[in-house]
1. Tell me what the chain gives for mean residue ellipticity at 222 nm when only DSSP H runs of n ≥ 4 count, each as -39,500 (n - 2.57), the sum divided by the residue total, rounded to 500 deg cm²/dmol.
2. With Cα Rg over 2.2 N^0.38 Å defined as stated, name the option among (i) 1.62; (ii) 1.87; (iii) 1.57 computed from the structure displayed.
3. Nearest 10 degrees, 0 to 90: what angle lies between the long axis of helix 27-44 and the longest principal axis of the chain (Cα atoms)?
4. Angle between the Cα long axis of helix 3-24 and the longest principal axis of the chain, 0 to 90 degrees, nearest 10?
5. Grab the Cα-Cα distance for residue 15 and residue 33, subtract it from 0.36 nm times how many residues apart they are, and report the gain in nm with one decimal.
6. Quick one: if you stick a label point 7 Å off each Cα along the C-beta vector at residue 22 and residue 3, how many nm between them?
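We did not get these values from a lab; they are worked out from the coordinates using the rules stated. Computed from a predicted model, the values in this text were never measured in an experiment. Please note: Cβ atoms are built from the backbone with ideal geometry, for glycine as well, and neighbour counts cover all protein chains shown.
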Amino acid sequence: MSTAEYAIGTATACAFAAALYLILTSSQVRETLTRIVTDALQTVG
């Protein structure tokens, strides 16, 4: 791969990481994930 391809790949990866961070740190997603984990732990325990 050439340097330009590496640059585009790096920029795309950074943009994807930023979007994923915004999604996962939203309060609605955090509450849903917390509920899923809590329900799973109550079922096991």
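1. -30500 deg cm²/dmol
2. Checked against the structure: label (ii).
3. That helix lies at roughly 50 degrees to the long axis.
4. The helix 3-24 is inclined about 20 degrees to the chain.
5. Net length gain for the segment: 4.2 nm.
6. According to this spin-label approximation, the distance is 3.1 nm.
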